[in-house]
Amino acid sequence: MVMTASRSITFRGYFLPGPAIGSAPGLRDAGSAYIPLTPPLPTLQPCPAAQAQNPGRRGWTRGSRSRRGGARTPEPRCQFLQLRWLSSCCGGLDFPAAPARPLRSPAAAMQNQVLTPHVYWAQRHREVYLRVELSDVQHPDISITENVLHFKAHGHGAKGDNVYEFHLEFLEPVKPQLTHKLTQRQVNLTVQKKENHWWERLTKQEKRPLFLAPDFDRWLDESDAEMELKAKEEERINKIRMESRVPNDSFANLKRGYLFMYNLVQFLGFSWIFVNMTVRLFILGKEDQQGLDSFYDTFHTMADMMYFCQMLAVVEIINALLRVTRSPVIPTLIQFFGRNVILFVVIGSLEEMQSKAVVFFVFYLWSAIEIFRYPFYMLACIDIEWKLLTWIRYSIWIPLYPLGCLAEAISVIQSIPVFSETGKFSFMLPYPLNITVKFSFFLQIYLIMLFLGLFVNFRHLYKQRRRRYGPRKRKTN
């Protein structure tokens, strides 16, 4: 209730004594009344009527009590809020409202806030790598002034499509020129150091910025970075040495033309053999009564072309010796002499061997290998690579070389009894030994060398295939 005489205020058993409203300084009637904030609030005292109804309740307001049991006094925490509370209790007093704070929209707050992207860094002795996690960046503003990197770009980052920027002051001096590469998902920066040494940290300030983190995809310790630097330096020195050893070849075009023509001739020769033998086997063989004539007359129909191709193969040895090609000399010699021993000695010198079926398999396997090898070299002379042909050239030898070696071994085994009976190429040692040395003895030794030569060639071809299609070591950037 509100008392008109004394203008005291009673609320929940408490009353606030005071002078009349008209005489109270700064206190006016309801509707236009106000109470100033500067004077302290009067002390709240218990209401006698409330104490009579509730004898056990003291009814003091929240305040401070003296140690001797004195009356509580309100704490001067916020006089304005206490006056508002009195106004709500009385209902007849009006106090000034709290000043309203201006509200800003989220969009306006986002515009005033500086957005920084996530930046990852790594270093080497000569350069610093930075990776900015921003996608769809176009025309970024990147510069280095007074050893401070300034970056500003519009892209899609952690806060959506916005303008992101950051500044980094490097620990040590860097070159003002930098290179950057834009990808769909990030921006890669490379900064060159002025002095080639390892940094303790990236920034001059000891405390790392919140948006900066190590790039563990490129991160290396100082010892690992030194090893990588030494390896690159050795590779550079070796490259310079190799370039200094190789003289300027003014006959490169002439050499290419010569190798192209040689491989073309060999390809045409072996293709003629392979196609003729295939046609005779699958077409003409069906018209024969027994269907086996194409096996037994292979030598008489294909020998001339095979002689030509195998004799022309001596050019490959000359090319390897003169370093016209990069082919190793020993595998080339093994293949050349191995085939010519079979062709000219084992088969060509014995009429009994010329009509055997093993001749067909020897010629057919030889030509099947060469019709893929020579066109590969021919296209390489004009810097053309056909991936299918390349794969066949480095893979077809896996089944065909062992089969060819097996066919050659069978022909040698079949010729040993013939050489022993005829005594062909046998000779007698001079006096006093007088021992006849049969040629079949050398053929038995040749059988052992045949399989050793197969191992050497197989190993060489396997290394070539591994260099081309083998697993490659991942480089650490």
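Annotations
- Per-residue 3J(HN,Hα) values for region 183-194, derived from phi via the Karplus relation 6.51 cos²θ - 1.76 cosθ + 1.60 with θ = phi - 60°, read 10, 5, 10, 7, 10, 9, 10, 10, 10, 8, 7, 6 Hz in sequence order (x marks Gly and Pro).
- Ranking 418, 404, 461 by Cα position along the charge dipole of region 396-467, where only Lys, Arg, Asp and Glu carry charges on their C-beta atoms, puts 461 farthest toward the positive end.
- Set of lysines near residue 356 by C-alpha distance (under 21 Å), chain-local residues within fewer than 8 positions excluded: 286, 424
- Cα gyration tensor of region 326-403 - equivalent ellipsoid semi-axes, whole Å, descending: 28, 15, 10
- In this structure, the pairs whose alpha-carbon distance is over 29 Å, taken from 239/463; 207/230; 175/207; 230/463; 255/387; 152/207, are 207/230.
- Magnitude of the charge dipole, region 250-469, Cβ model with Lys/Arg +1 and Asp/Glu -1, debye to 20: 1260 debye
- Quotient of Cα Rg and 2.2 N^0.38 Å for region 119-245, N being how many residues it contains: 1.19
- Using a Förster distance of 35 Å, the FRET efficiency for residue 217-residue 392 (Cβ separation, nearest 0.05): 0.40
- Here the 3J(HN,Hα) profile of region 116-127, calculated from phi with Karplus coefficients 6.51, -1.76 and 1.60 at θ = phi - 60°, is 10, x, 7, 10, 10, 9, 8, 9, 10, 5, 10, 8 Hz, Gly and Pro shown as x.
- Heavy atoms of residue 394 accessible to a 1.4 Å probe, total area in Å² rounded to 10: 30 Å²
- Packing rank of 159-170, 352-363, where each peptide gets the mean count of other beta carbons within 10 Å, highest leading: 352-363, 159-170
- In the complete set of protein chains, residue-level accessible area for residue 448 is approximately 110 Å², probe 1.4 angstrom.
- Probe 1.4 Å - accessible area at residue 386, Å² to nearest ten: 140 Å²
- Longest to shortest principal axis, alpha-carbon extents of region 302-367, angstrom: 41, 17, 17
The values are calculated or read from the model by the stated rules, or taken from the named source; none is laboratory data. This structure is a prediction, so every number in the text was calculated from the model and none was measured. Glycine gets a Cβ as well: all are built from the backbone with ideal geometry, and neighbour counts include every protein chain shown. SASA here: full protein model, heavy atoms, side chains in, ligands and nucleic acids out. Shrake-Rupley method; radii C 1.70, N 1.55, O 1.52, S 1.80 Å.
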